[in-house]
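To start, the structure under review is shown below, and the notes come after it.
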Amino acid sequence: MLLSPYPTPGERIRVALLWLWCGLVILFLLVPILIPVPLSFNSGAFFIFPLEGLSTRWYEVVLGTQRWQSAIGNSLIVAFGTTLIATTLGTLTAIALSNEKFPGRRIVMPLLLSPLIVPVVITAVGSYLFYARVGLASTYAGIILAHTALASPFVVVTVGASLTGFDRNMMRAAAISGARPLTSFFRVMLPLILPGVLSGAAFAFVTSFDEVVVVQFLASAGQRTMPLEMFIGLREKLSPAITAAATLMMALSIVLLVVANLLARRGQGRRIASG
Amino acid sequence: MSALLPSELDRPALARGRPAAGADPGTASAALRRAEFGDRLRSLALAAPLLLLLALSFGIPIVLLLSRAVYDPTIADALPRTSVALGNWNGQGLPDDAAFIALAADLSENQAKGTAYELAKALNARLPGARSQVLKTVRQLEGADGKPPLEIMKAVPFWSAPGTWPVIANGTHAITSFYLLSALDLRWNADGGIERVPPQQAIFLQVFLRTFFVAASVTLATLLLGFPLAYLISSVPKGLAAILIVAVLLPFWTSILVRTAAWTVLLQKFGLVNDMLLWLGFASERLDLMYSRIGLIIAMTHIQLPFTLLPIYSVMRTIAPSQMKAAYSLGAKPFTAFRRVYLPQVFPGIVAGCLLTFILCLGYYITPALIGGASDQLISNFIANYVNVELNWEMAAALSFILLVFTLALFGIFARILGLDRLKMV
């Protein structure tokens, strides 16, 4: 489509230049995220190519030392807690919002999305100020609460998208057949919107797992998560262990987000299938 | 779970097994209203847990923080007698001796309660140099040996200097515009007008300008890099487009911290970027890219590129190629066709992508903190610094206030001209 049926030389040059420019842009996009991967397998302590040799010693540092192990543990505690709360409450809210009769939908939606818009430093500093007063600073509950605010918009949006394909007549049919509302939710609605819910859960997990600014303000020394260890490491002493941690985090995020997007597409595909 | 149920006319009758009340139109509409009211209530109840949680975990913290920008009772609480004594001072010259005696009594009491340092700090924030003077006076008052407090106060020139008492009087009002004005490098002058602070004290306008400059540079760079790529993806066959889109999405799905970490590795003095520049002959010696403005802009451009590209791509995808062909067949030159047919249609996508990137850049924190040098710190870094290092919550709050106003105003423009739907690009 780029070239017309009878391209002029000038047109050929323009298209060639476009390809060249785009090739460079793609290199610019991909090289930085791919570079930590080989470096993390370097046996030496410097970030220089060619590698001195291959080794998994930096992964042993990340997976084997107490400091990083506790960071991984903290990350998992916080991310699972956030996912659980954000997915449950976000799904309920998405269901409520999918009802056209929901009062003030136009006000509620921007409010729900606002944690994505407000600069995260403001959220972090505000949480620190308020949570310290009510005794939630330096607690897992506090970090999970703050992360839930950041993660729940993703759940509401993804579940909401999967609900647009949901045929409400099915709930009506279930009600006529004598199902109680809770039964028809678990037996009719949930199985159908499950791809959307799971994809929302994956988004929530990644949001929390990758978050560093809120954690920086709210976490005590014993609650450092993986991103926070990385942040501190990058500030103080650059070690190849960070490339190993980055590779691990990147792999987990990308796998989860690929799954989430496939699920979300499946959830929305239903809408097209059902007309 | 009734929100799951359809709320149409027939629902109440069907769902509850009652006979349809169609016989009497008055009762029917009343029943319908009741049912709809119940329906609304139930869907509100479904959304309530998350809304309450967000209010608690996000709403209250932000309101509390912003209120600190205009509400600072530290001085008023620490100087109750002085507040009373200054009640009918006209703000001109020096107040009467009663005010000096009241201030001395308040200072001694703060020293006894152990809050003198806090007061000194609060005054110092408004009047540079006040900290040492307050602490000095407090010590002298403590070791007075029967010397009258008024004499001690008068002996310290600071308390009789012009400018000291207006600041104290101002501080005794808990609601203050001092911090918000300071965040814009402004202050009240002696005549009750607003003036710029002296150049050596002005720091924040420069920080805001720097933040805007970096955000604008990054937005421009993402557009220059992203527009051609979006165009290419939208015009190649589907299979190839899918591969190219993955190249955009892979970095998009990698966290900002991980990508910043990758750039700190790449931008080292002996890192890959410097190697490349030397090898290609663009530089004759290794450049200091870490802790530099250019390094910061490169890394931020990398992180923001998908945010600019994806909205542009989503618009380009909808433009039929036949339109350009039609323009050519009508005799338009390629550039004319591009400018008059293609660009106007893509424009909403460009605005959406650029606004989104610009808004997100205003709030950047991690990347400037790790890659930028001391003179590349953006407004978010200053907010964090006021909390972490200076422990000056009011100043952090005032800067947050202004950053939030800019962000929300731009976002309001975004929502007004483009609608909220474009945000759904997760």
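The values are calculated or read from the model by the stated rules, or taken from the named source; none is laboratory data. Worth saying up front: this structure is predicted, and the values here are computed from it rather than measured. Cβ placement follows ideal geometry from the backbone for every residue including glycine, while neighbour counts extend to all protein chains displayed. Heavy atoms of the whole protein, side chains included, go into the accessibility calculation; ligands, DNA and RNA do not. Shrake-Rupley method; radii C 1.70, N 1.55, O 1.52, S 1.80 Å.
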* Report, by chain and number, residues whose modeled amide H sits under 5 Å from the one on residue B:186, excluding near sequence neighbours (fewer than 5 apart, same chain). => B:197
* Any idea what the alpha-carbon Rg over 2.2 N^0.38 Å comes to for the protein assembly as shown? -> 1.15
* Using a 1.4 angstrom probe on the protein heavy atoms only, line up B:245, A:85 by accessible area, largest first. => A:85, B:245
* To do: Please report the Cα spread of chain A along all three principal axes, rounded to whole Å, starting with the longest.
  => 72, 71, 33
* Average silhouette area of segment B:186-327, convex hull of alpha-carbon atoms, in square nanometres -> 15.0
* Förster-model FRET efficiency, 25 Å R0, residue A:100 and residue B:55, C-beta, rounded to 0.05 -> 0.55
* Sequence-distant lysines (8 or more away, or on other chains) whose Cα lies within less than 23 Å of residue A:237 -> B:269
* May I ask you to derive the relative contact order of chain A, considering only C-alpha pairs under 8 Å and at least 6 residues apart, and to give it as an integer percent? => 28
* **Between helix B:238-252 and chain B: long-axis angle, C-alpha atoms, 0 to 90°, nearest 10** => 10
* Per-residue HN-Hα couplings for segment B:201-208, Karplus 6.51 cos²θ - 1.76 cosθ + 1.60 at θ = phi - 60°, whole Hz, x for Gly and Pro? -> 9, 7, 10, 7, 4, 4, 5, 5
* Where B:406, B:358, B:411, B:37 fall by accessible area, highest first, once all protein chains stay in place (1.4 Å) -> B:37, B:406, B:358, B:411
* Structure fact -> Excluding ligands, DNA and RNA, the carbon-plus-sulfur percentage of the accessible area of the protein assembly as shown with a 1.4 Å probe reads 66
* Buried solvent-accessible surface, both chains (A, B), 1.4 Å probe, Å² to nearest 100 -> 8400
* Pick from B:269, B:325, B:154: which is most flexible by mean-square fluctuation in a GNM of chain B where alpha carbon atoms under 10 Å apart are linked? -> B:325
* By accessible area of protein heavy atoms, probe 1.4 Å, what ranking do A:58, A:19 get, highest first? -> A:19, A:58
* **In Hz, Karplus ³J(HN,Hα) per residue of segment A:159-171 (6.51, -1.76, 1.60; θ = phi - 60°; x = Gly, Pro)** => 5, x, 5, 6, 6, 5, x, 8, 8, 5, 4, 5, 5
* For a label point 7 angstrom out from the Cα of residue B:409 toward its Cβ, which stretches of segment B:180-214 have the backbone nitrogen within less than 18 Å? -> B:180-187, B:204-214
* Subtracting the Cα-Cα distance from 0.36 nm times the residue separation, let me have the gained length for residue A:8 to residue A:220 in nm, one decimal. => 69.7 nm
* To do: Mind pulling up the Rg/Rh value for segment B:290-426? Radius of gyration and Kirkwood radius, both on Cα.
  => 1.13
* To do: For segment B:33-72, build the charge dipole from Cβ charges (+1 Lys, Arg; -1 Asp, Glu) around the Cα centre, then report which of B:48, B:62, B:35 sits farthest towards its positive end.
  => B:35
* To do: Considering the options B:377, B:321, A:151, tell which one lies farthest towards the positive end of the dipole of the protein assembly as shown, charges being +1 on Lys and Arg and -1 on Asp and Glu at the Cβ, about the Cα centre.
  => B:321
* Asked: At a probe size of 1.4 Å, how large is the accessible area of residue B:333, to the nearest 10 Å²?
  -> 140
* Alpha-carbon Rg/Rh ratio, for chain B, with Rh computed the Kirkwood way -> 1.14
* Contour minus end-to-end for residue B:335 and residue B:276, with contour as 0.36 nm per residue of separation and end-to-end as the Cα-Cα distance? -> 17.8 nm
* Rounded to the nearest 10 Å², what accessible area does residue A:59 show when all protein chains are kept and the probe is 1.4 Å? -> 30
* Return the Cα extents of segment B:57-172 along principal axes one, two and three, sorted largest first, each rounded to a whole Å. => 54, 31, 24
* Asked: Against the longest principal axis of chain B, how steep is helix B:97-113, in degrees 0 to 90 to the nearest 10, with axes from Cα atoms?
  -> 70
* To do: Pick out, in residue order, every one of the GluC sites (Glu not before Pro) in segment A:1-92 that is DSSP loop and has at most 16 other C-beta atoms within 10 Å; say none if there are none.
  => A:52
* Asked: Radius of gyration and Dmax for segment A:187-230's Cα atoms, expressed in Å?
  -> 15.4, 46
* Helix-only CD estimate at 222 nm, as mean residue ellipticity for the protein assembly as shown, using -39500 (n - 2.57) per DSSP H run (n ≥ 4) -> -23000 deg cm²/dmol
* Sort segment A:91-199 into rounded, prolate or oblate with this rule: let a ≥ b ≥ c be the square roots of the eigenvalues of the Cα gyration tensor; rounded if a/c is under 1.5, and if a/c is not under 1.5, prolate when a/b is larger than b/c, oblate otherwise. => prolate
* Give me the lysines in straight-line cross-link reach of residue B:333: C-alpha distance below 30 Å, same-chain residues under 8 apart excluded. => B:238, B:325
* Which distance in nm do the two modelled labels at residue A:190 and residue A:80 give, with both placed 7 Å along the Cα-to-Cβ direction? -> 1.9
* To do: Using only Cα atoms, tell me the angle between helix B:256-266 and the longest principal axis of chain B; keep it within 0 to 90° and round to the nearest 10.
  => 90
